[in-house]
Every structure is written in structure tokens, then in C-alpha cells.
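Here is the structure we will look at, set down as C-alpha cells.
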Amino acid sequence: MKIVSATVRNYRIHRETRVDFDPSLTLIGGPNESGKSTFIEAVHRGLFLKSRITGEGRQGMVSSLYPGHPEVEIVFRAGGKEYRLQKRFSGAGGTTTLSESGGASRQGDEAESLLNALLQVEDVGGGRNLADRILQQWAHLWVWQGKSGHDPSGDAASEQNALLARLQQEGGAVALQSPRDAEVAGRFAERSAALFTQAGRPKAGSELQQAEARLEAARAARQDAAGRQQRLVDAASAFDEAEETIRRTTADLESLAAGLRKVEEQLAAAQTLKAREEQQALASARAEERLADLLKADGQIDTLRREIRALEAALAPGREEAERARDRREERRAQAQLAAKAHGEAAAEARLLRQRCDLARAWVERFDCDARCRRLAGRLEDAQKIRDSIRSLRDDLAPLPRVDADSLGRLRQLQAHADRAAATLEAMAAGIEVVSSGRPVRIGDREAPAGSAHRVTDAVDIFIGEDVHLRVRPGGGNSLAEARDSLRAAGDALREALDPLGVDSVARAAEILNVREGLQSKLEREQSRLGDFDDGSLEGDLAEAREALAAAEGEVDRRSRLVPGTREPLDRDRAAAWRQGEEQALERAEEEETTKKAAGQAAGEAFDAAEQALVQLAAAIGAQEAHLVEIQAQLRLLLTNHGEDASRLEALRAAGEAAAEARAALEQTRAQLARLQPQQLERDRSRLERAVRTQEEQRQKAREQRAASRAALTLDGSEDPLAELVRADVRERAAREYHESVRRRAEAVRLLGRLFEEERRVLAERFTRPLAERISDYLAGVLGPGARAVVTFDGGVFKGLRLVRPGAAEAFPFDALSGGAREQLAAAVRLATAELLAANHGGSLPVVFDDSFAFSDPLRVRNLQRMLDLAAARGLQVIVLTCNPSDYAPLGARQTLLSPAPVQPVEPGQPSQPVQPGVDDMGLHAEGAVMEEAPSAAETTEADGDAFLAALQGLGGKSGNQALCERLGWTGERYAAVKTRLAREGRIITGKGRGGSVMQPA
């Protein structure tokens, strides 16, 4: 188990303080009054104290500085899991929450039970001595300030079984319980158990016990024989004394019986008078009750008659007013009916005009819808014409070759190239011109009529008639051939460009391009016109318009049936004029209807007011009349039950006389009873009966004594008491000799058992060796090699802690050591115990040292850090609180420094006091104590100084502040003032820093 972090809120000096703990070494530092001990105490109480604690236990946690209930939050690891514990100490309403990281969360008692199971501790409960029981929780792990020098052997009492089990696992059980040892131990234990009890006395049934019983019986027999002779003398004297007592008590009893009879007679008379008094009291009460009932009834009859007369007088004006209210209501009813009729006629006229107006509006809407349909139909027809034109233009464009400006430009470039090649070839070619010829002329395969001219670029045959054959070769050589090739290539390129377009010349391509551009321009204009006419919604708009027209025509038909006899308007203008006239007439009619309606409402409200007034008046009169009827019924009932006036007066007179007679008889009886004093008679009877019992008891005892004396005289007088006494002496001497022989044998057996037990005690040291070796490991780092501890295991418990210093053979008891040595040995024992028990807590346990080394000098403190470091290396979580953190710098622990709390503001004229009245850094508890005004050093007395020095001397001349303050029983403020004065005078020496301890100078 390891503590991960702890947060304390509203806990005395702490508003909210959080400390994150290192898994191995943590140092919490700070000067005195910075709240170190208060913080670690809050962590301890968070782990072991229930959150619903009340009384002084909780009051000691409450902060005088900060509002709110004390709270403690602890994160710890146990059993391989991480838990978060939250406790709020708010009295009976305190809360506890224990949450498993990534798991379930428990509340209240369930959380407390799981926490105890994880910490392996028992519930401390509540009630008295709770503070002491809380301090015993993990006392072997939690070293409170001022307690570091105490013997730790008893602090692990709650963990005794777990520690023994761990030592047995370490191998100690072999030395303690070998088979032969067990057999011998059993034999001696059996023999000893047969002879002696655990207290060392002879056991019942044993030979020794029988010998002792025989000796005791002999002694008793002798004493009995000696006493028998004395009893004979005593019995004779007792017989005479008993006879006298019997005679005296018999005479006294006769006198007491006579007095008791007289008292009994007087008590019987008093009892008769008491019964008569009860009967007369009951009769008097009934007479008084009868008289009171008659008086009450008579008063009620008179009261009811007066109320009836008052109600009848009050009802007359109300009934007249109700009649007038009925007349007003009928008048208002007639006015309301006339106003309602006028409003109905105006409403009917307005309704007729509204229907005519609606019909006129419907005709206007019908004409508007028809006009819109016609307009949309015309636009749709124009749009269709444009679409037909667009379709025709697209049809004209479709068969034309797809010649554009770019392709025409390329064609013209190719044509220019071909023209340049042809011009070059033309310049090199030979020309042939037929001027005239009487015979046919052929140039190659073509006819050449007269007047034709021909250019040849290659050798060509000329035929003139049938008999002339000429061959002409133009000049130029290779250049001519190149010009021909160039012309041929240019022509091929031009044809290759013309063929995909489907045209035979550049001129045709230009012509087609002109035609396409003209058609495209027309097409774009038509499409623009179509966009102006129809954006795609024209047909939908037309359909909607036709639907609206059909609806308007239906509305006209419907409203025409509602207003028969109306003429249909010929056009929209006439319909609009009709609508305007009807709307004006409707407006006038509606104004008239509103006026008539307001008048009707006013008349109705007047009628309602008159009706309400009549209802209220009638209700009031009805209530009065109902009350009158009820009172009259009550009067009739009273008269029926008690009669008319004359009979009632007679009954009242008779009841009065009867009540007076009953009172007189009762008073007379009570006077007779008072003269008898029945209470005194009761006391007299008790006194006499007690005296009779006493006398009878004395007489009975005397009779018993007489009988016993007679029997003793008869029995003891049958034998010789002196001879019996001699025989008893002989038997006693024989029994004593036998007892001495048996006792010597039994003591021999017990001695052998004791010697064997001593040997077993030596073996028990081997049992404690694992613990002692661990303690010695820790001591070696402080006291040097060879230092070791001796732990005694006796009676199932560990005790007798001793220290063997290096190079010494003698083992020093714990109480004989110096304060510093006790601190070091106790710390080693605690760490070794925690190391053994850690196996039951996941391999680790926290060990807290709160200013635990006040008696160790700086060198020893540095050596002690070896011990703490070894404990951390072995898996323990070491937590050190100190007011001198620099002394522990070589420990390499995670440090958390706390600062002193501020001083609480006080009212002017009041002495200042520390803000924390519960526990200062010394851990001084003020629960249940009255806070004294903090004295200054100058205000302390010499007696205070003497008491301080005497207490310090009683603690060995050196002590921690807390232990000395507790011994003195002072408050922290008083202790600090006296300590300051004595230190200034040089009569004590304070520890390092601000003073965790004090000592007397050498």
C-alpha cells in the first residue's frame, strides 16, 4: 500500500494543502507552526476516522480561519489498484466516498468497510477514548512527534498474528516446533498440568491436591473437635437466652395485636365514610351538571329569540331591495333584447352586402385571370415561332462543312504557299501558243485549238495533224524539277487540308464560312429573343394561370348562387366599378353593424350587472333566511327538550335545591372523614404491622435458636469431646507428613519443566532472528557494523527489546538507552516490522516520521538517512516531516515545503493569538481545553520556569517540545513563552533551527 497524494481542506490551519508523495522517499519541511503535523494528522484521520464523528473529536479539526467543514482527499494504491478516498467531516451528516480508478464507487458505511479491509484494520467505533484508539491504528508505522523514543514493541499489537505468520514463513517455526521439542514439551506440560493450574496452585484431583485436601480435612476435624466442646457451653447459654426472648416477644405481640385491631376498626369506619363521600360527590356533580345544563339551555333560548327578532328586522329592507332589483333586471333584459335585434338586422344587411362585394371581387379576379391567360398564351405562341426559326437555322447549319476562322486561315496560308510555288514554276516553264492552224493540233493528250496558249514545265509531245510530231523540252535543269516538286507538295498539303472539311477550294471554304457566320448570328439573335420571351417557366405559368382562371370561374359561380338576381358584368372595368360601389356600401353597413353591436353589448352588460346584483342580493337574503330557519329550528328543538318558560323555571328551582342539598351532605361527610385522619391511621397500621413482624421474627429466631441449642446439646453431649480432640491431633500430624512428601515430588516435576522452558526460551530467540536481523541491518547504517538488536518472544508476544553496540557483549535494555539511541533503535524496529508486514500489503507500506529524531545530533541524522534509504530500497514508502529540511538534503527525497499560516486579525484592544488553536507544528492538542491568552516571555512567572525545568529533569534532561508540553498540561502559547524566557536566560538549550526539542545545559 502506498499513498499517492493527499489534499486537506478547511482543517485547522490549512485552507487547501496538497502534497504529492514519492513512491519511495518524501520530505515535508517547514518551520514550526507551518502545519506539518496538522497535515499528517489529517491524513491519518482520513484513513482511520469515520466521517460522521461528532463532539470533541470533530471539533478539534474545525478551522478558525476558513469556513466550511474539514475535508480530506487521499489517493492511494492497494492490491494493485488505485483508489481515491474523499471524506467530509460534517458531523452526523459526514460523507465518505471511496472510488476505484476505472471501477466502482462506494459511499458511506460500505466505503468505510472496504477502506478498513484494504488497510487490514478493525473499525475503532466512537464514544469515549476515541482519540487514544485512533492513535493505535498503524501505531507501528506512524511515529507521532514526541513519541519517537517510546518502546515500539507494543505498537504492533494489532498486527501480532500477521507478524508471527510472517516470521514462521521466514523459517522461525522450525526452531520453535521441532518434533522432539514438541514431544518433551508435551510430556512436561502434561505432568505439570496434572499437578498445577496456570496460576501455580495444585490442580483439582491431583495427588498434591488430594494431599492438601486431606491435610485441610484433618485440620478442620481438629478445629471441629476443639470447637465442639466450646459449642456445648455456647449452646446452653443460647438456650436460656432464647427462652427469655420468646417470653418477651409473646407479651409484646399481644399488646400490638390489640392496638392493630383498634386501628383496623377506625380504618373500616373511614372506608365507609370514603365510599359515602364518593357517592355523594357523584350525586352532587350530577346535580350541579343538571343545574348547569338547565341554565345553559335557558340562556340559549333567550339568545336565539333575540337573534330571530334581529334577523327578521334586518330581512325586511333586503327583501324590498331585491324586488326593486328584479324590476331593474327585467327592464335591462328588454333593452338588451331590442339592441340584440337591431344588431342582428344590421348584421344581416352587412352579410348581404359582403356577399355582393365578394361576388364583385370574384368577377374582377375572373377577368384578371382570363387576361393573364391570354397574355401568357400569346407569349407562348411567339416563343414557339422563335423555336421554329431556331430549329430551321440549325437545320441550315447542319449540312454545311464545319469551317471556322482558324481553319480558313490555315487554308489560305496553304493556298498562298501553293500560289508561290506555281508562280516559281510558271517563271521557269516554256509557253506554247497556237496562233492559227489548218490542221488539228494536240499538246500531249489535250487538243490545242487556234488562239489557245499553253505552258509546259516538262517535256511534252506536240502532234500537228497526222504527220507532224514535235517534242518540246523547257530549260532550267534541276531548278525546274525542284519547282515542280514544290508545287506538287503544296498542292498535296492544300488538298489534305480541304478534304476533311469537305470543300474543294479555299474560295469555297471562305464562302461557306460567310454563310455559317450569318446563320450563327441569326441563331444567337433568335435564342436571345427566346430567352426574353421564355426562361423555361412560361408553360408552367400558363398552366397555373389557367388553373387560377378555373378557380375564379368556380368562385364566381358559387357566389352567384349565394346572391341570385345579379347581372354579369361585360368587362373588367364594369366589374371593378361594381366592386368599388359594393365595397363602399359594405363599409357603411359594417360601421352600422359595429355601432349596433356596441349598443347591444352595452345593453347586455347592463343586464348582466343587474342580474349579478340581483343574484348577490338574493344570495345574501337567502343566507340570512337560511340562518333564520336554522335558528328557529334550534329554538324549537330547545323548547321541545326543555319545555316552555314556566316548566323550565320550575325545573331550575328544583335543580338548584337538589344541588344545595347534595353539597351540604358532601361537606358533612368530608368533615367526619377529616376527623378520623385516615392517612394517619394508614401510617399507624403500617407501623404496628411492621412492629408485629419484627417481634414475630425475633420470636421465630429465638425458637430456632432454642431448637438449635437443644439439638447441639443433644448431639454434642453424646460423645466425649476431649477424646475426640486427641484423635483429631493424631490424624492432622499424619496428613501433614504425607502432604510434605507429595509436595516435594511435585516441586521436582515443576523445576524440571522450568529448566526445559529456559531452553525453549533460547530457541525462541531463533524464532525472532528474522526480525532481529532486519533490525540489525538498519542499525548498522547508524551505529556501525556489529550493532544488533535482541528481541524476546515470550508468551506469544514480543518484548524485552535490547541493543548490543558494536564491540560490546552486553545488551542494554531499551529504557536504559539515551534519548537518541532510543529514537534510532525504535526507528529500526518500526522499519523492520513494516518490511515484514509489507508482504501482506502488496510489498509496501508507508512509514511516517514526524520530527522523530529530536535527540539525534546532525551527524547521527545523516547516518539515519542511510537507514531510511535502505527502507525505501526494500520497497517501503518513507515519509519524513522536519523543521530542518537542509539536514535531509543528502536523502534525495521529493521535498514539499510548508509556510507558517498568517496571524488571525483581532479587534482593537484585544491580545493577538495564533490563528490555529487546535494543533501547532509540535502537534499540541487543544481539544476540549480553554484557550488562554498568549503570554509574552516577560509575563511568565518564576514558578512557570521552575515547573518547566522540573518536568524537563523528570524526562532525563532532554525532551521533544510536544512530550514536555503534554507533561506540563500547558497550552502551546504558554509553553512557547516560558521556553523563550528560559532560553534567553541560558537555563535551557533549544534544538537546531526554531527548536524541535529542548535540553538542560551540561
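Summary of computed values
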quantity	calculated
Exclusive hit being in contact with a Pro (Cβ under 6 Å, 6 or more places away or on another chain) and either over 21 Å from ASP850 (Cα atoms) or modelled with pLDDT of 85 or more (or both), set ALA977, ALA983	ALA977
Residue count for the stretch 14-52, restricted to those that are open to solvent by 10 Å² or more (accessible area, probe 1.4 Å), in contact with a Leu (Cβ under 8 Å, 6 or more places away or on another chain) and closer than 16 Å to GLN962 by Cβ	0
Where a residue in the stretch 10-26 is assigned by the TED database to the domain that holds VAL847 and over 18 Å from ARG88 (Cβ atoms) and its partner, wherever it lies, is open to solvent by less than 20 Å² (accessible area, probe 1.4 Å) and part of a strand (DSSP E or B), with Cβ under 6 Å and at least six apart	VAL19/ALA6; ASP20/SER5; PHE21/ILE3; LEU25/VAL878; THR26/ILE879
Candidates ALA287, ALA350, ALA340 - the one that is closer than 21 Å to ALA599 by Cα, touching a residue at least 12 places away in the same chain (Cβ under 8 Å) and open to solvent by less than 50 Å² (accessible area, probe 1.4 Å)	ALA350
Matching entry among ASN129, ASN161 (being surrounded by fewer than 17 Cβ atoms within 10 Å (Cβ to Cβ) and at pLDDT below 75)	ASN161
Members of the stretch 953-972 found to be over 20 Å from SER852 (Cβ atoms) and either hydrophobic (A, V, I, L, M, F, W, C) or open to solvent by less than 30 Å² (accessible area, probe 1.4 Å) (or both), listed by number	LEU968, TRP970, THR971
Residue list for the stretch 438-450, filter: open to solvent by 60 Å² or more (accessible area, probe 1.4 Å) and either under 60 Å from the mean Cα position of the chain (by Cα) or not aliphatic (A, V, I, L, M) (or both)	GLY438, ARG439, PRO440, ARG442, ASP445, ARG446, GLU447, PRO449
Residue satisfying all of: in the stretch 520-547; more than 16 Å from ARG387 (Cβ to Cβ) and among the aliphatic types (A, V, I, L, M); most open to solvent (accessible area, probe 1.4 Å) among these	ALA543
Wholly within the stretch 767-880, helices (runs of 4 or more DSSP H) carrying at least 2 residues that are in contact with a Phe, Trp or Tyr (Cβ under 9 Å, 6 or more places away or on another chain) and open to solvent by 10 Å² or more (accessible area, probe 1.4 Å)	819-837, 858-873
Selection count, the stretch 402-431, where residues are in contact with a Lys or Arg (Cβ under 6 Å, 6 or more places away or on another chain) and open to solvent by 70 Å² or more (accessible area, probe 1.4 Å)	0
Considering residues of the stretch 810-838 that are within 38 Å of the chain's Cα centre (by Cα) and modelled with pLDDT of 85 or more only, the residue nearest to GLY956 (Cα to Cα)	ARG830
Top-ranked residue of the stretch 417-438 - restricted to ones that are in contact with a helix residue (DSSP H, G or I) (Cβ under 9 Å, 6 or more places away or on another chain) and aliphatic (A, V, I, L, M), ranked as nearest to GLY518 (Cα to Cα)	ALA418
Failed item in (1) touching a helix residue (DSSP H, G or I) at 6+ places or on another chain (Cβ under 8 Å); (2) within 24 Å of GLU122 (Cα to Cα), with LYS81 passing the rest	(1)
Members of the stretch 55-103 found to be assigned to a strand (DSSP E or B), touching a residue at least 40 places away in the same chain (Cβ under 8 Å) and among the acidic types (Asp, Glu), listed by number	GLU71, GLU73, GLU82
Odd one out for ALA550, checked against (1) surrounded by fewer than 14 Cβ atoms within 10 Å (Cβ to Cβ); (2) closer than 30 Å to LEU414 by Cβ	(2)
First in the stretch 947-966 and assigned by the TED database to the domain that holds ALA854 and of a type in the set (S, T, N, Q), second anywhere and in a strand (DSSP E or B) and crowded, with 16+ Cβ neighbours inside 10 Å, Cβ under 7 Å, 6 or more apart	none
Answer residue from the stretch 455-477, given it is in a strand (DSSP E or B) and modelled with pLDDT under 80 and is most open to solvent (accessible area, probe 1.4 Å) among those	ARG455
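Every residue, every condition in (1) free of Cβ contacts under 8 Å to residues at least 40 places away in the same chain; (2) surrounded by 13 or more Cβ atoms within 10 Å (Cβ to Cβ), yes or no:
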| residue | (1), (2) |
| --- | --- |
| THR594 | yes, yes |
| ALA602 | no, yes |
| GLU605 | yes, no |
| ALA620 | no, yes |
| ALA623 | yes, no |
| ASN641 | no, no |
| ALA651 | no, yes |
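The values are calculated or read from the model by the stated rules, or taken from the named source; none is laboratory data. Please read these numbers as outputs of a predicted model, since none were measured by experiment. For neighbour counting, all protein chains shown are included, and Cβ atoms are generated from backbone atoms with ideal geometry for every residue, glycine included. SASA here: full protein model, heavy atoms, side chains in, ligands and nucleic acids out. Shrake-Rupley method; radii C 1.70, N 1.55, O 1.52, S 1.80 Å.
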